[in-house]
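Below is one structure; the comments refer to it alone.
The values are calculated or read from the model by the stated rules, or taken from the named source; none is laboratory data. Computed from a prediction, not measured in an experiment: that's the story for all the values here. Neighbour counts are summed over all protein chains in view; Cβ atoms, including those assigned to glycine, are modelled from backbone coordinates with ideal geometry.
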Amino acid sequence: MTADVAESPTALADRGELALDLPESYLAAGYTLRSWLTSTDHKRIAILYAISITLFFFIGGAAATIVRLELFTPKADVVGADTYNKLFTLHGVVMVWFFLIPSIPTTLGNFLLPLMIGARDMAFPKLNLASWYLNIAGGILTASAMLAGGIDTGWTFYVPYSTVFSNTAVSLGVLGVFVSGFSTIATGVNFIATTHTLRAPGMTWFKLPLFVWAMYTTSLIFVLATPVLAVTLLLVLAERLFGLPIFDPARGGDPILFQHLFWFYSHPAVYIMILPAMGVISEVITCFARRRIFGYTFMVYALVAIAVIGFFTWGHHMFTSGMSPFAALVFSFLSFIVAVPSAIKVFNWTATLYRGQIGFESPMLYALGFVGLFTVGGLTGLFLASIPIDVHVQDTYFVVAHFHYIMVGASVSAYFAGLHFWWPKVTGRMYPETWAKFAAILMFFGFNLTFFPQFIAGYLGMPRRYHVYPPEFQVWNVLSSSGAAVLAAAYLMPLGYLTWSVFFGERARNDPWNASGLEWRTTSPPPRENFLGKPEVLAMPYNYHPEGAPPIKDQPRIPAQGSLT
Amino acid sequence: MFSWLMPEQASVQAPRVDAIFLGLTAISAIIVLLVVGLLVTFSIRFRRGSKANRDELPSLVSREFEIGWTVATLFVFVFIFWWAASAEIGAFVAPKDAIEVHVVAKQWMWKTQSSNGAREINELHVPVGAPVRLILTSQDVIHSFYVPAFRLKRDALPDQQTETWFKATKTGTFHLLCTEYCGTDHARMLGRIIVLEPEDYARWLSAQPEGDDLAHQGERLFTARGCAGCHAPGSAVHAPDLAGIWGREVQLAGGRTVTADGAYIRDSILQPKRDVVAGYEPIMPSYAGLLSDGEIQELTAYIRALGSGPRASRRLGEPPLSSRVPGGPEERSPAMVPGAPVADTPTPAGPPTRR
């Protein structure tokens, strides 16, 4: 590397930008609908996913809005019992399988994984496109279940209610989730193969950005856990459609077996939602603190540990179902152990800020909010791992509040952090920063107002999935519903200003945040082949300041992480 | 203080759960304050361009530091596990002298029946200070029996029995809620637990119309369904005599032994070929599908009444078995017929009535 490069923060990027013979960006590679729907470009597929999950996010959000509206009073005054049951089922199914699980991996992951490791595309570009079509096929099946009258089982499809007693379109919805499961398996296989085979020269495993590690560990869960869900859902279909006695106790089946199988997938699925979020936060916090990540290797091992131990804690969903007390103790113990690596990550993010040069651009606001909300969500997980407390709060609003802190407070905050952070790279445009900061702050307060009262209502004994409730819980529900209105506004704002920025936003520079990752060492938006030259990796990730030297204000970018040559 | 933030404590278990809950809340609050405090402090002190010292990190802040807080976290978490688990282990087994209450859940009502014969719908009267053992089952889907004031919850599973127990420490009326989603009127599957002073309870019990207790109903079933044809003493068929087997070890064919408890009686009725008593032929037909859960409970109660096992001792204040006059079982509480139109308002348990 020549000395003059280091003197100007954006020397390399500017040189590339000034050249007029740049290859066209991936966005300019075709403007027809066909050019998008048949594209095998991982960046275009990421956009396709972004559009579909945004649609599902607002469908699920609309259902949640009506649910919160209904809960404003103890009586049933907006919707009746059956409609309410269908609404919360719709909210759960759509949000879990068609928004949260695909959210960060299929959008940011699809877009960034090849860029971050210096690859030109995924290992299997056609499989990548096929996975989107599978996801859409599953989404259409589930949406048609909605049109066919809805499903009233809850997103957990507990038997024997779902297989024998429910008169709603359960089969169609289950089939939709089954199909979309293959989409995530395909994505997982693709990410694993890409990470193993397509890393640029010099990009060793322990030079991978933590976001790539997060995608890799998430993919392991995709590939190992989702087939169990597929089997379980097939058994549900077999019992419901063909009357094969598998779970129905009246014919010798075991309904608890279903719960074991279901949670063997669905507990690791929680880590599918949170590991990618951890990856995003590691990228954002280092960039805006201008520091190397504190304890890189511990952060990697923590991701791996969460992914592995997360497979052995499913039983804590069933403490009140009548499992052996000794099995319950083992699951309780493992649930405490899995919290340790999560705690380490929180400490390391905090320590990364120490002696940094911290800026408060909107991605960083989301990231700081993430750390706070994730801490609350994680600690309340310890309450639920304690058997006596779990017996009291199982299936109450305490549980609802806990998993929303993790899955919405943490994961969705991280998704928005990543969306804003990489928006210039993805679209080539800057978004209006003031609006973004306002939305980030509004989202944090709206979220806490919505979900913190639910911890109290839950401990007081308000069960979940109640559309009418004893009047003494009303005050907490009014607080929660008011917060939901704020939260809805905060979620609609990015939809507005980000869309606006695509057409009218200021042109983005190649590396507007002066960040260190390989994905910034190309044009914004990147060309079809991702890089102009062959990237080569020379140093550790998060190379924001020389090793052993403190970060200074306006630290020139150290061009060692990658090059365009 | 803060009583509006905590549910009422009305059982032996409640203050124990609350102690763990408050302890965990305190630990969590400290951790949250620590993390948020550090985030805010660092954010202000090390904001971009501030004059704060950013010299090289002290050498202490390195791997040792990392190992240190990993071990500290592990220690704290394992300590909480031990604390919560030891409280749980202490509450596993119901006291031997507990009043036995059979609970049958169905869409969308609770049927309770004490071993002393009192039958109720969506209500359960119990005396204060006496341990009560609940034996739960369901006639359709999974339900969950939840009494927040007792910190008590247990799922009622179809065709299986689950157990739990409680000891009320306070008189009054408390919510009984269903917490496992069970269909349309899940939110209306509510009931009341009414805890009375022992003398009030005795008065309430004596005011109940004379009904059958479980054992007497079981006795009639024993004859009506043909069990007596083989199992009665002096029967021509070679079948085990059931008198006195309750609670005893039974020698099985194949050398195993099993305790004759509710689960074993149930299995023997539904799957008689599975655990055959040593010295008998496997000739008994299965009664699966022929007997309802309630009938199996009645037969079980009858067999228990025949036996002299530890659980069969008569309970204080309860009339002897022979004093009960047979008669049709009447359900006293306002019946909730599934599917019938219900007023679209919740049925609150009302304020606790203390005495």
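Observations
- Residue count for the range B:97-119, restricted to those that are assigned to a strand (DSSP E or B), within 14 Å of another protein chain (Cβ to nearest Cβ) and of a type in the set (S, T, N, Q): 0.
- The selection criterion, being at the interface with chain B (Cβ under 10 Å from one of its Cβ atoms), out of contact with any Pro (no Cβ under 6 Å at 6 or more places or on another chain) and surrounded by 24 or more Cβ atoms within 10 Å (Cβ to Cβ), holds for A:VAL393.
- Checking each residue in the range B:89-117 for being in contact with a Leu (Cβ under 6 Å, 6 or more places away or on another chain) and not hydroxyl-bearing (Ser, Thr, Tyr) picks out B:VAL101, B:VAL103.
- Against the test of being more than 9 Å from chain A (Cβ to nearest Cβ), in contact with a Lys or Arg (Cβ under 7 Å, 6 or more places away or on another chain) and surrounded by 12 or more Cβ atoms within 10 Å (Cβ to Cβ), the options B:ALA94, B:ALA52 yield a single qualifying residue, B:ALA94.
- Among the numbered conditions (1) surrounded by fewer than 24 Cβ atoms within 10 Å (Cβ to Cβ); (2) over 30 Å from A:TRP500 (Cβ atoms), the only one that A:TYR405 does not meet is (1).
- Selection count where residues are farther than 20 Å from B:SER28 by Cβ and in contact with a strand residue (DSSP E or B) (Cβ under 8 Å, 6 or more places away or on another chain), scope the range A:413-459: 4
- Selection status of B:THR73, out of contact with any Asp or Glu (no Cβ under 9 Å at 6 or more places or on another chain) and β-branched (Val, Ile, Thr): yes
- Single match in A:PHE264, A:PHE319, A:PHE312 (criterion: over 30 Å from A:GLY369 (Cβ atoms) and within 12 Å of another protein chain (Cβ to nearest Cβ)): A:PHE319
- Test result for A:GLY356, in contact with a Lys or Arg (Cβ under 6 Å, 6 or more places away or on another chain) and either at pLDDT 95 or above or surrounded by 24 or more Cβ atoms within 10 Å (Cβ to Cβ) (or both): yes
- Elements of type helices (runs of 4 or more DSSP H) in the range A:16-131, at least 2 residues being free of Cβ contacts under 8 Å to residues at least 12 places away in the same chain and under 30 Å from A:PRO276 (Cα atoms): A:33-37, A:42-70
- Residue among A:VAL304, A:VAL338 that alone is under 21 Å from A:ILE406 (Cα atoms) and surrounded by fewer than 21 Cβ atoms within 10 Å (Cβ to Cβ): A:VAL304
- Criterion violated by A:PRO160 - all others in (1) out of contact with any Asp or Glu (no Cβ under 7 Å at 6 or more places or on another chain); (2) buried (at least 18 other Cβ atoms within 10 Å of the Cβ) satisfied: (1)
- Elements of type strands (runs of 3 or more DSSP E) contained in the range B:140-249, each with 1 or more residues being without any contact (Cβ under 8 Å) to a residue 60 or more places away in the chain and farther than 24 Å from B:TYR302 by Cα: B:143-147, B:152-156, B:172-178
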